[in-house]
Amino acid sequence: ALFPMPGECVYNVLDFSSYLSLFLLDSGHANPIAGKQTEWLKDALNSRRRILHRFAVYHVPAYPSVRHAQNRQSAAIRTYWVPLFEEGGVQVAFEHHDHAYKRTYPLRQGRIHPLGVVYMGDGAWGVEKSRKPVATRPYLAKSASDRHFIAVTLTPLTQYFRCFTDRSRLIDDYLLQVPLERKRQNAPPPSEKLQELD
């Protein structure tokens with residue numbers, strides 16, 4: 001009610017001039033993950049290859065910090081959206097739903113990779129009590145059981161993420177260098193595949 005999307009569709013993209021695109025997706029609440037929304041996402045990403053900063057935002061995480069990683073929605077997002085994020089130049093995906101803080105390593109094809117997508121979340125600002133992340137997840141670079149918000153500072157070549165608790169304590173900071181041209185097809189091969197998700 002406070003921030004309705006333009007038009008009737010729940011998923012959409014918000015463009016800020018030529019420097020930032022936010023791909024706002026529906027992770028299975030009102031629209032299926034597969035099908036029409038995935039086709040729309042593919043087209044929306046392809047038409048914005050010249051946008052320097054590309055972020056995805058959605059509710060249920062592809063790489064959860066608390067819930068079981070093989071839940072139906074997370075598995076579907078990894079199947080249908082994650083390959084599009086990787087090919088479409090999404091640098092960071094903001095995820096929610098688990099009520100904890102997490103930042104993954106950069107991931108590409110299920111492996112840690114320098115040109116992979118970083119998944120941040122997991123939505124714990126407006127909850128009464130945050131939850132404890134599963135520390136043994138191989139894709140987690142940082143996690144915490146704190147209510148938090150993430151402040152993002154963008155420059156032409158960097159993305160700087162700082163995560164603060166509701167009491168202004170810094171939990172995490174992460175600097176991402178963003179090359180003007182990310183030549184993914186010529187990128188080095190991914191590192192060893194992470195162990196199977198639990």
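The values are calculated or read from the model by the stated rules, or taken from the named source; none is laboratory data. Because the structure is predicted, anything quoted here is derived from the model rather than measured. Neighbour counts run over all protein chains shown; Cβ positions are idealised from the backbone, glycine included. Just the protein is used for accessible areas: all its heavy atoms, side chains included, with ligands, DNA and RNA removed. Shrake-Rupley method; radii C 1.70, N 1.55, O 1.52, S 1.80 Å.
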Can you work out ³J(HN,Hα) from phi for every residue in region 77-84, in order, using Karplus 6.51 cos²θ - 1.76 cosθ + 1.60 and θ = phi - 60°, giving whole Hz and x for Gly and Pro? 5, 5, 6, 9, 9, 4, x, 6
Tabulate in residue order the Karplus-calculated ³J(HN,Hα) for region 139-145, using 6.51 cos²θ - 1.76 cosθ + 1.60 with θ = phi - 60°, rounded to whole Hz; enter x for Gly and Pro. 8, 7, 8, 8, 8, 7, 9
Per residue, how much accessible surface does region 41-121 expose to a 1.4 Å probe? Answer in Å², no decimals. 35 Å²
If you plug each phi of region 62-72 into the Karplus form 6.51 cos²θ - 1.76 cosθ + 1.60 with θ = phi - 60°, what whole-Hz ³J(HN,Hα) values come out, in order, with x for Gly and Pro? 5, 10, x, 9, 10, 6, 5, 5, 9, 4, 4
Report the full-extension gain for the segment Y160 to T79: residue separation times 0.36 nm, less the Cα-Cα distance, to one decimal in nm. 26.3 nm
Set the Förster distance to 41 Å, then compute FRET efficiency between N12 and Q70 from the Cβ-Cβ distance, nearest 0.05. 0.90
Gyration tensor on Cα atoms of region 18-66, a ≥ b ≥ c root eigenvalues, a/c under 1.5 rounded, else prolate if a/b beats b/c, else oblate, says oblate
Cα-based shape type of region 74-116, given that a ≥ b ≥ c are square roots of the gyration tensor eigenvalues and the cut on a/c is 1.5: oblate
Over region 48-113, what relative contact order in percent results from Cα pairs under 8 Å that are six or more residues apart? 42 percent
Rounded to the nearest 0.05, what FRET efficiency is calculated for A135 and L22 with R0 set to 35 Å and r the Cβ-Cβ distance? 0.70
Ignoring ligands, DNA and RNA, what percent of the 1.4 Å accessible area of region 29-115 is carbon and sulfur? 53 percent
